[in-house]
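Beneath this line is the structure, given in structure tokens, with notes to follow.
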DNA sequence: CGGAATCCTAACCGATACTG
DNA sequence: CAGTATCGGTTAGGATTCCG
């Protein structure tokens with residue numbers, strides 16, 4: 001055995017490359033932010049509906065579920081949990097007869113929402129352009 | 001058989017819910033943007049390195065590969081292809097002896113980079129805050 | 001109502017090997 | 001150098017069912 005071993009080389013590489021983006025602490029957050037459902041939940045709770053208007057407001061679980069629709073309750077719950085854990089939203093349980101739970105963005109969550117809103121608007125604004133490029137490319141490489 | 005059938009109900013639901021966010025055309029773009037490697041490639045080509053400075057510049061495949069490091073060539077190629085297809089960057093092949101390929105952001109890509117840069121900065125700025133919340137939460141739910 | 005637990009498939013993604 | 005092709009492990013994520 002012994003002799004170099006690819007594993008050792010890989011381990012070394014894993015140390016070397018970390019310089020730029022890999023273990024940068026913001027990477028973990030970036031990964032979290034770059035989650036599809038995270039962005040959508042932020043949009044929903046932030047009142048950033050399709051028309052771009054609306055004020056932030058608390059919403060109940062079922063309300064979110066209905067609004068985001070395409071999401072399974074598993075993903076919704078999972079997303080809400082992680083956002084709560086990170087302090088981007090608060091979860092309030094009201095022990096009424098059938099339990100009532102409402103979610104609301106914190107200041108931290110609101111600040112992030114401003115950015116995700118930008119992403120949404122960019123997507124809307126440049127949609128046509130991107131689709132045009134896509135067609136050109138597909139036609140050229142057919 | 002016949003009788004309602006859950007499948008039919010689900011099919012109906014699938015039509016109903018599309019109103020808000022599901023089939024909104026910006027959703028497809030949002031999904032693309034919300035990709036980890038897409039954001040990193042944009043940062044790299046946009047000159048948005050860890051220190052936040054730098055001007056956009058063309059980069060070669062191997063250069064990107066080295067800079068992003070954690071990425072496999074499969075993911076890098078795949079990401080670059082999709083970005084090229086969407087017109088966010090250009091791929092230029094120079095038929096030198098060993099082929100030279102360089103990638104550069106288009107205006108469209110640059111406009112998106114401005115947003116992803118914002119995300120990166122948000123992540124850096126609020127990193128500590130998020131981690132603090134996370135600790136609190138973990139301690140409370142232990 | 002608002003979840004948690006289970007199962008199970010589809011996709012992502014990394015490692016390897018081969019091409020031009 | 002800059003890819004493509006293939007295989008396999010890991011995980012995301014959907015459907016279903018049950019619980020407080």
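The values are calculated or read from the model by the stated rules, or taken from the named source; none is laboratory data. What you see is a predicted model; the values in this text were computed from it and never measured. Cβ sites come from the backbone with ideal geometry, for glycine too, and all protein chains shown count toward neighbours.
Side notes on the structure shown:
- Filter result (closer than 14 Å to residue B:41 by Cα and within 7 Å of DNA strand D (Cβ to nearest atom)) within region B:87-101: B:91
- In region A:116-126, the residues that are within 10 Å of residue B:30 (Cβ to Cβ) and either modelled with pLDDT under 85 or within 7 Å of another protein chain (Cβ to nearest Cβ) (or both): A:119, A:120, A:122, A:123, A:124
- Yes/no for residue A:72 being within 16 Å of DNA strand D (Cβ to nearest atom) and either touching a strand residue (DSSP E or B) at 6+ places or on another chain (Cβ under 8 Å) or touching a residue at least 12 places away in the same chain (Cβ under 8 Å) (or both): no
- One residue from A:94, A:100, A:106 being touching a residue at least 40 places away in the same chain (Cβ under 8 Å) and over 14 Å from the mean Cα position of the chain (by Cα): A:100
- Selection status of residue B:106, at pLDDT 95 or above and near DNA strand D (Cβ under 10 Å from one of its atoms): no
- Residue A:134 within 12 Å of chain B (Cβ to nearest Cβ), crowded, with 16+ Cβ neighbours inside 10 Å, away from DNA strand D (no atom under 16 Å from the Cβ) and outside any strand (DSSP E or B): no
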